[in-house]
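What follows is one structure encoded as structure tokens, with my remarks underneath.
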Amino acid sequence: MSAVLDIDELSTYEVERVEPRPFGRSLWRGFRMRCPNCGKGKIFRSFLKVADNCPQCGEALYHHRADDAPPYFTMLIVGHIVVPIILATELEYSPAVWVEMTVWPLLTAVLSLILLPRIKGAVVGWQWAQRMHGFGNNADD
């Protein structure tokens, strides 16, 4: 058997064409914690637990593998919001230590709890749009 394919051999292969999924729309729908396919069904069945299927359109969502990406992006975003505010406040007002020890951890926790499920939804929407981890039609995705 030769390593070079004949033109006749190439013509026997069928290429499956798949429609591209809209990346930006899928990301935005995921960020809104909605199904990346229909945009109507809720993507989560609890705080961070992704539903197995969309309750509206039935799209399978159990394939996702968000892993450590959502917490990483959440820490990155929250850190870039909170740290400049802390530095500006410290330089301008120099508040008491008890104020700083109350306000900054509270602000950090609230921002993290607000952003984490939205970022996880966006990661799931990204995976769905790119047909990653089983979101495509192939068995080896």
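The values are calculated or read from the model by the stated rules, or taken from the named source; none is laboratory data. Please read all numbers here as calculations on a predicted model, not as lab measurements. Here the Cβ is made from the backbone with ideal geometry for all residues, glycine too, and neighbour counts use every protein chain on show.
For the structure I just gave you, tell me whether residue 105 is in a loop (DSSP other than H, G, I, E, B), over 30 Å from residue 21 (Cα atoms) and not hydroxyl-bearing (Ser, Thr, Tyr). Considered against the rule, which asks whether it is in a loop (DSSP other than H, G, I, E, B), over 30 Å from residue 21 (Cα atoms) and not hydroxyl-bearing (Ser, Thr, Tyr), residue 105 comes out as no.
For the stretch 60-82: of the residues being among the charged types (D, E, K, R) and closer than 14 Å to residue 133 by Cβ, which is surrounded by the fewest Cβ atoms within 10 Å (Cβ to Cβ)?
Of the residues in the stretch 60-82, the ones among the charged types (D, E, K, R) are 65, 67-68.
From what is left, the residues that are closer than 14 Å to residue 133 by Cβ are 65, 67.
Numbers: 65: 11, 67: 9.
Only one residue tops the list, namely 67.
Tell me, please, whether a residue that is under 14 Å from the mean Cα position of the chain (by Cα), within 29 Å of residue 42 (Cβ to Cβ) and not in a helix (DSSP H, G or I) can be found in the stretch 69-85. Within the stretch 69-85 (the criterion being under 14 Å from the mean Cα position of the chain (by Cα), within 29 Å of residue 42 (Cβ to Cβ) and not in a helix (DSSP H, G or I)), the answer is no, since none of the residues qualifies. Within 25 Å of residue 44 (Cα to Cα), at pLDDT below 95 and either of a type in the set (Phe, Trp, Tyr) or surrounded by 11 or more Cβ atoms within 10 Å (Cβ to Cβ) (or both): is that true of residue 134 in this structure? For residue 134, the condition - within 25 Å of residue 44 (Cα to Cα), at pLDDT below 95 and either of a type in the set (Phe, Trp, Tyr) or surrounded by 11 or more Cβ atoms within 10 Å (Cβ to Cβ) (or both) - is met.
Is it the case that the stretch 83-93 has a residue that's farther than 30 Å from residue 20 by Cα and polar (S, T, N, Q)?
In the first step, residues of the stretch 83-93 are kept if they are farther than 30 Å from residue 20 by Cα; the result is 83-93.
Restricting the remaining residues to those that are polar (S, T, N, Q) gives 89.
Scanning the stretch 83-93, I find at least one residue that is farther than 30 Å from residue 20 by Cα and polar (S, T, N, Q), so the answer is yes.
Across the stretch 85-128, the qualifying residues are those that are among the small types (Gly, Ala, Ser) and touching a residue at least 12 places away in the same chain (Cβ under 8 Å), and the one among them that is surrounded by the most Cβ atoms within 10 Å (Cβ to Cβ) is 125.
With respect to residue 16, is the statement that it is acidic (Asp, Glu) and either modelled with pLDDT of 95 or more or assigned to a loop (DSSP other than H, G, I, E, B) (or both) true? In short, yes. Restricting the first member to the stretch 45-67 and to residues that are touching a residue at least 12 places away in the same chain (Cβ under 8 Å), and the second to residues that are in a loop (DSSP other than H, G, I, E, B) and of a type in the set (D, E, K, R), the beta-carbon pairs closer than 6 Å and six or more apart or on different chains are 56/40; 62/52.
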